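Step one of this worksheet: look at the structure below.
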Amino acid sequence: MTDEHIRTGQRIEAAFAGLAMRLFGTLSRPRASALGGWIARMIGPRLGITRRARRNLARALPELDAAARDRAILEMWDNLGRVVGEFPHLKTMDAFAPGAAIQATGLEHVDAAIARGKPLIFYSGHFGNWEVAALAAALYGLKLAAIYRAANNPLVDRMMTQLRRDLGADPIPKGPQGARKILGAIKAGQSLCMLVDQKMNDGIAVPFFGRDAMTAPAIAELALRYDCTVLPARVERLPGSRFQVTVFPPHDLPASGDRAADTLALMTMINHMLEGWIRARPGHWFWLHRRWPD
């Protein structure tokens, strides 16, 4: 989309986003995070879209009572607000050293994957501050391509793309326009980082919290085609705008000879992993997304 086709509303939205980034940037990271969380807690639960989050929670985790669902909703909005407040501070975060903003466990799985000599694909979900996963990989010294869903507002998308470049990742948008770049990144020896928990209408049906959810199969298709090492990477929020990144052992790639069946099997493993993370800390996941058919 060229600039002359950008709507006035999108320009206003982008201006507010830029103003918010500058405001949060004047504060320390913990203060910006706390302010973003407070604003989101005050406003978010009153928005109509929260009804979708409540429906998703009730269907996915029916064992939670009403009070537990209310707490999860409030934590979700708090986390989302904190993510926004932390955006201008991501590029100043340090990692791995004692007391650093980003702590990590499971790095031996990354080292083993590098030694194996095959392409690496990290995956995570919209959990904690999801931008930290790619940042941690870049700070660990990996040449990284971050696969992302382009924002609906092209001006906001430019801001986010520049942020990801500042973090040391090569941003590649999802969709047909990004497919060629993804293949080029793999052939160039770059690792990939993907968020794989959102709905894709033309994806494949994969179980998620006991119901089929349309799921993008790209990570499985790439892994099976190029014999990639697929590493789950969870980002958990800690007090004081700090984070714990946990890299789990790689998935064993199915090898039945039936590519469609193997793709489904690997995506089922991935959704099962994500589901476990979400069950453990439901307030840190993005329940607002229309993940399942109504």
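The values are calculated or read from the model by the stated rules, or taken from the named source; none is laboratory data. Since this is a predicted model, take the numbers as computed values, not measurements. Because the Cβ atoms are built from the backbone with ideal geometry, glycine has one as well, and the counts that use them run over all protein chains shown.
Please go through the stretch 86-103 and pick out each residue that is closer than 20 Å to residue 249 by Cα and either crowded, with 21+ Cβ neighbours inside 10 Å or over 21 Å from the mean Cα position of the chain (by Cα) (or both).
Kept after step one, since they are closer than 20 Å to residue 249 by Cα, are these residues of the stretch 86-103: 96, 102-103.
Once the filter is applied, which keeps residues that are closer than 20 Å to residue 249 by Cα and either crowded, with 21+ Cβ neighbours inside 10 Å or over 21 Å from the mean Cα position of the chain (by Cα) (or both), the stretch 86-103 yields only 102.
For the stretch 57-79, which positions are crowded, with 19+ Cβ neighbours inside 10 Å and out of contact with any Lys or Arg (no Cβ under 7 Å at 6 or more places or on another chain)?
60, 72, 76
Determine which single condition residue 82 fails, assuming it passes every other condition in (1) surrounded by fewer than 21 Cβ atoms within 10 Å (Cβ to Cβ); (2) in contact with a helix residue (DSSP H, G or I) (Cβ under 7 Å, 6 or more places away or on another chain); (3) at pLDDT 95 or above.
Failed condition: (1).
Answer with yes or no whether residue 128 is touching a His at 6+ places or on another chain (Cβ under 6 Å), closer than 21 Å to residue 38 by Cβ and either crowded, with 21+ Cβ neighbours inside 10 Å or modelled with pLDDT under 95 (or both). Explain how you work it out, then say what you get.
Numbers: touching a His at 6+ places or on another chain (Cβ under 6 Å): yes; closer than 21 Å to residue 38 by Cβ: yes; either crowded, with 21+ Cβ neighbours inside 10 Å or modelled with pLDDT under 95 (or both): yes.
Yes; evaluated as a whole, the condition is true for this residue.
Out of all the residues in the stretch 18-31, which are crowded, with 17+ Cβ neighbours inside 10 Å and touching a Leu at 6+ places or on another chain (Cβ under 8 Å)?
24
Six or more apart or on different chains, Cβ atoms under 6 Å: show the pairs whose first residue is in the stretch 1-14 and under 15 Å from residue 158 (Cα atoms) and loosely packed, with under 12 Cβ neighbours inside 10 Å and whose second is at pLDDT 75 or above and not hydrophobic (A, V, I, L, M, F, W, C).
Between residues of the stretch 1-14 that are under 15 Å from residue 158 (Cα atoms) and loosely packed, with under 12 Cβ neighbours inside 10 Å and residues that are at pLDDT 75 or above and not hydrophobic (A, V, I, L, M, F, W, C), the close pairs are 1/154.
Please pick out the residue among 11, 7, 22, 31 that is modelled with pLDDT of 95 or more and among the basic types (Lys, Arg). Can you show your working first?
Values: 11 fails: modelled with pLDDT of 95 or more; 7 fails: modelled with pLDDT of 95 or more; 22 fails: modelled with pLDDT of 95 or more.
Going through 11, 7, 22, 31 in turn, just one is modelled with pLDDT of 95 or more and among the basic types (Lys, Arg): 31.
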